[in-house]
1. Among residues belonging to region 387-396 that are in a loop (DSSP other than H, G, I, E, B) and in contact with a strand residue (DSSP E or B) (Cβ under 6 Å, 6 or more places away or on another chain), point out the one that is farthest from residue 457 (Cα to Cα).
2. Would you call residue 199 touching a residue at least 60 places away in the same chain (Cβ under 8 Å), crowded, with 24+ Cβ neighbours inside 10 Å, closer than 17 Å to residue 441 by Cβ and in contact with a strand residue (DSSP E or B) (Cβ under 8 Å, 6 or more places away or on another chain)?
3. Can you tell me which residue within region 69-86, out of those that are more than 23 Å from the chain's Cα centre (by Cα) and surrounded by fewer than 23 Cβ atoms within 10 Å (Cβ to Cβ), is modelled with the highest pLDDT?
4. Residues of region 328-373 being buried (at least 19 other Cβ atoms within 10 Å of the Cβ), in a loop (DSSP other than H, G, I, E, B) and in contact with a helix residue (DSSP H, G or I) (Cβ under 7 Å, 6 or more places away or on another chain), which ones?
5. I need the full set of residues from region 449-461 which are buried (at least 23 other Cβ atoms within 10 Å of the Cβ) and within 17 Å of residue 522 (Cα to Cα), in order please.
6. How about region 539-555: which of its residues are outside any helix (DSSP H, G or I) and within 18 Å of residue 460 (Cα to Cα)?
7. Pick from region 499-527 the residues that are in contact (Cβ under 8 Å) with a residue 60 or more places away in the chain and surrounded by fewer than 19 Cβ atoms within 10 Å (Cβ to Cβ): which of them is nearest to residue 483 (Cα to Cα)?
8. Output the number of residues of region 458-498 satisfying the condition of being farther than 21 Å from residue 309 by Cβ and in contact (Cβ under 8 Å) with a residue 60 or more places away in the chain.
């Protein structure tokens with residue numbers, strides 16, 4: 001049934017809420033990509049089977065069969081503990097659930113409201129029954145991720161029941177497009193894709209082109225940073241919030257069509273968005289005459305082929321148009337000549353997902369969260385050497401110490417914190433001296449880093465920072481579109497130098513060359529991705545120069561991770577002269593006589609570790 005006006009929306013909400021309230025119990029199975037990968041589909045299917053066949057189930061009450069159901073939710077946040085199952089209304093959160101646990105959960109919790117304590121999250125001997133008690137979740141402030149994990153990610157009705165589309169109704173019936181523009185501008189919402197440009201200012205620039213009849217709204221859901229999965233989780237877990245935010249942007253800026261650009265590696269996001277768009281069109285919340293007004297907006301999905309450079313605005317719009325995704329010189333900018341040379345609003349998923357809350361609650365509410373220069377919250381994916389990996393959302397200005405120790409649970413295995421890579425391959429490293437620095441767009445720039453889309457990779461003392469710089473430079477060099485010489489050639493030369501250093505062939509003057517190249521690429525590359533490509537090198541050189549020098553002067557890797565720095569040695573006290581190591585050496589680097597000590601020629605050794613793996617007497621050891 002089409003929702004023709006505001007009253008019809010309210011009736012739809014009442015009906016949807018009544019249907020939800022009819023359930024005596026609901027089984028919320030996390031169906032985010034992380035949990036799906038660890039087997040949550042099997043959990044969901046088993047729970048569905050149990051819900052549909054209650055015959056033979058022993059219940060304490062005889063008259064009534066409970067009305068129960070199982071639904072798929074979006075990411076519930078604590079990804080490493082999946083598959084995750086949440087039971088409502090008792091609000092129990094179960095972690096690492098296996099298919100064989102389903103029957104017990106169903107019999108005890110679903111039917112009798114009794115906990116299965118062995119499946120609760122446990123930390124330092126303490127058990128946490130509900131998600132709100134788990135420190136990882138309790139210390140967050142969720143706005144964008146508010147609905148993720150709380151209801152059926154594939155149900156428009158449940159989104160409406162949660163208050164969904166109230167913001168769009170308010171914009172269409174109580175506000176002019178200019179009012180919406182002003183509200184977003186006054187909120188000081190900054191683009192969450194990495195640049196931090198004020199969203200309201202961008203929208204006003206597009207709306208100002210009243211002489212151009214066709215405008216576009218484009219969502220950047222490409223999210224190519226290694227270790228980043230925030231936007232993907234929003235598209236999977238709450239696609240309707242994104243669609244509502246884009247629809248409000250279209251109303252404010254006079255756009256008739258919107259495009260969501262999603263990388264092909266996000267098939268679940270694409271499937272859920274397509275389903276959500278179809279449902280919204282059927283209800284009259286997308287398409288012609290939305291909510292019975294004169295406002296029309298159509299939405300389309302484009303799948304990217306995985307090119308990192310298509311995260312850059314002009315490359316992204318070129319890709320949608322069917323051309324090769326390559327940046328162009330600016331001006332003109334996207335707000336003036338974007339998609340098909342028409343004025344275009346281009347923001348990322350998280351930015352649009354903030355809009356409904358701003359319209360509903362007001363700019364002043366939004367500015368009470370975060371910092372003066374960067375209001376609101378920021379979603380981060382936190383991975384690496386951290387106890388609790390997953391998806392978090394915290395107010396802007398939250399310190400690294402709070403994120404790593406209060407939310408993340410500290411360094412895995414009780415190790416020492418060394419650094420954190422922020423902003424992906426185009427970001428930089430922050431160290432222990434930055435633990436109390438509040439993370440916002442302006443602060444991180446002071447330390448040769450960027451917020452990026454929000455990927456955080458935590459590193460401990462066993463991480464080689466030279467190898468970190470080499471890894472990220474390898475990524476950015478491989479992903480360079482090749483259009484401009486500074487990025488195409490500069491990153492290649494930098495990578496060659498870094499590879500020489502980790503292979504033990506570096507020279508001290510290489511460090512000066514690296515700094516010169518980094519400065520050149522940062523200052524002269526065509527697009528923002530090229531300009532930020534040297535940041536991992538700049539930040540690691542500044543903070544961990546001693547490690548670079550150790551690699552070059554002492555051929556030593558203090559973190560014991562660079563293979564080329566290893567030296568395999570046979571201990572004569574343990575060697576029995578069996579010759580097994582020599583037989584298994586693929587390059588003939590080991591020589592000796594049976595029943596006497598064998599020797600490894602370091603000039604021939606390729607550090608494959610075969611000798612150590614095949615020695616039954618632990619006679620082979622590695623020296624760094």
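The values are calculated or read from the model by the stated rules, or taken from the named source; none is laboratory data. All figures in this text were calculated on a predicted structure; none of them were measured in a lab. Positions of Cβ are generated from backbone atoms using ideal geometry, with glycine treated the same way; all protein chains shown enter the neighbour counts.
1. The initial filter retains those residues of region 387-396 that are in a loop (DSSP other than H, G, I, E, B), namely 387-389, 396.
Then keep just the ones that are in contact with a strand residue (DSSP E or B) (Cβ under 6 Å, 6 or more places away or on another chain); that gives 389, 396.
Values: 389: 10, 396: 18 Å.
The selected residue is 396.
2. Taking the combined requirement at face value, the residue satisfies it.
3. 71
4. Hits for region 328-373 are 334, 335, 338, 343.
5. 449, 451, 452 - these are the residues of region 449-461 that are buried (at least 23 other Cβ atoms within 10 Å of the Cβ) and within 17 Å of residue 522 (Cα to Cα).
6. Just the residues of region 539-555 that are outside any helix (DSSP H, G or I), to begin with: 544, 555.
Result: 544, single match.
7. Going residue by residue through region 499-527, those that are in contact (Cβ under 8 Å) with a residue 60 or more places away in the chain are 502-504, 526-527.
So of that shortlist, the ones also surrounded by fewer than 19 Cβ atoms within 10 Å (Cβ to Cβ) come out as 503-504.
On the way: 503: 30, 504: 32 Å.
Residue satisfying both the conditions and the ranking: 503.
8. Of the residues in region 458-498, 11 are farther than 21 Å from residue 309 by Cβ and in contact (Cβ under 8 Å) with a residue 60 or more places away in the chain.
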